[in-house]
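Please read the structure below before turning to the comments.
The values are calculated or read from the model by the stated rules, or taken from the named source; none is laboratory data. Nothing here was measured: the structure is a model prediction, and the numbers come from that model. Quick reminder, even Gly has a Cβ in these numbers, built from the backbone with ideal geometry, and neighbours come from all protein chains shown. Side chains included, ligands, DNA and RNA excluded: accessible areas come from the protein's heavy atoms. Shrake-Rupley method; radii C 1.70, N 1.55, O 1.52, S 1.80 Å.
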Amino acid sequence: MDWLLRFLEFVLLLIGNIAIGTLGFIPSILITPVNLDRFGLIGGSALSISGEIIGALFGFWLYRYGAKHIPVAWQQSSWFRFFRNQPPASVWWAVLSLRILPFVPSGAVTAGAALTRISALAFFWASSIGKLPAVAIEIAVAFGLVLWLPRSVLYSVLGMCLVILLLIAMIRKRSRKKNAPH
């Protein structure tokens, strides 16, 4: 029965990692320490890497599907215009390069690439190869936190960070609604 609970925990964490990778605006550093704490360095790393890669691909498909609903103002931004005006080979290299940098918002890269002619398979490879160094750095930092902090402190800090991020998102959404033309 213990193996069943561990399996369910693994599946739930995998779904959480994929969801975070799909959304692309919640930093995955908030779940990586949990992965490592629950499943060790190898299992936790596998969860983090799988979630990042599969989540990015799901995000790509969702952004591509929703591209016709992206506000015109966003489509006119220099970020999206850069991606939209590039041939697929240039987009591949841009995705790879931007994924290597650990603090570039994943959702912005995914959304930008989804507006181009790059294929899902090409995006998958560029994104996956590019994410590996950034995820390796994240895993190293998170593993250090898991070893250094007591579990109660680690989970408290992660929980507070998540709550703060959600509050910031809610405040931003509310202020956008107030400032929107009626």
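Has region 58-72 got any residue that is closer than 20 Å to residue 156 by Cα and of a type in the set (D, E, K, R)?
Checked region 58-72: no residue is closer than 20 Å to residue 156 by Cα and of a type in the set (D, E, K, R).
Give me the residue from region 150-175 that is surrounded by 11 or more Cβ atoms within 10 Å (Cβ to Cβ) and among the hydroxyl-bearing types (Ser, Thr, Tyr) and, out of that set, nearest to residue 33 (Cα to Cα).
155
Does residue 20 qualify as being of a type in the set (A, V, I, L, M, F, W, C), in a helix (DSSP H, G or I) and under 14 Å from the mean Cα position of the chain (by Cα)?
Spelling it out, residue 20 is indeed of a type in the set (A, V, I, L, M, F, W, C), in a helix (DSSP H, G or I) and under 14 Å from the mean Cα position of the chain (by Cα).
Look through region 46-58, keep the residues that are within 20 Å of residue 104 (Cβ to Cβ) and of a type in the set (Gly, Ala, Ser), and return whichever of them is surrounded by the most Cβ atoms within 10 Å (Cβ to Cβ).
That would be 48.
Can you tell me how many residues within region 68-89 are over 22 Å from residue 131 (Cβ atoms) and either out of contact with any Phe, Trp or Tyr (no Cβ under 9 Å at 6 or more places or on another chain) or modelled with pLDDT of 90 or more (or both)?
13
Among the residues of region 114-149, write down those that are modelled with pLDDT of 90 or more, under 24 Å from residue 81 (Cβ atoms), crowded, with 19+ Cβ neighbours inside 10 Å and under 18 Å from the mean Cα position of the chain (by Cα).
123, 126, 127, 130
Being at pLDDT 90 or above, open to solvent by 60 Å² or more (accessible area, probe 1.4 Å) and either in contact with a helix residue (DSSP H, G or I) (Cβ under 7 Å, 6 or more places away or on another chain) or under 21 Å from residue 147 (Cβ atoms) (or both): is that true of residue 15 here?
For residue 15, the condition - at pLDDT 90 or above, open to solvent by 60 Å² or more (accessible area, probe 1.4 Å) and either in contact with a helix residue (DSSP H, G or I) (Cβ under 7 Å, 6 or more places away or on another chain) or under 21 Å from residue 147 (Cβ atoms) (or both) - is not met.
Answer yes or no as to whether residue 66 is in contact with a helix residue (DSSP H, G or I) (Cβ under 9 Å, 6 or more places away or on another chain) and of a type in the set (Gly, Ala, Ser).
Answer is yes for this residue.
Could you list all residues from region 24-45 that are under 23 Å from residue 124 (Cβ atoms) and crowded, with 16+ Cβ neighbours inside 10 Å?
Answer for region 24-45, where residues must be under 23 Å from residue 124 (Cβ atoms) and crowded, with 16+ Cβ neighbours inside 10 Å: 24, 26, 27, 28, 29, 31, 32, 35, 44, 45.
Considering each residue of region 59-81, count those that are within 17 Å of residue 126 (Cα to Cα) and open to solvent by 90 Å² or more (accessible area, probe 1.4 Å), and give that number.
Of the residues in region 59-81, 1 are within 17 Å of residue 126 (Cα to Cα) and open to solvent by 90 Å² or more (accessible area, probe 1.4 Å).
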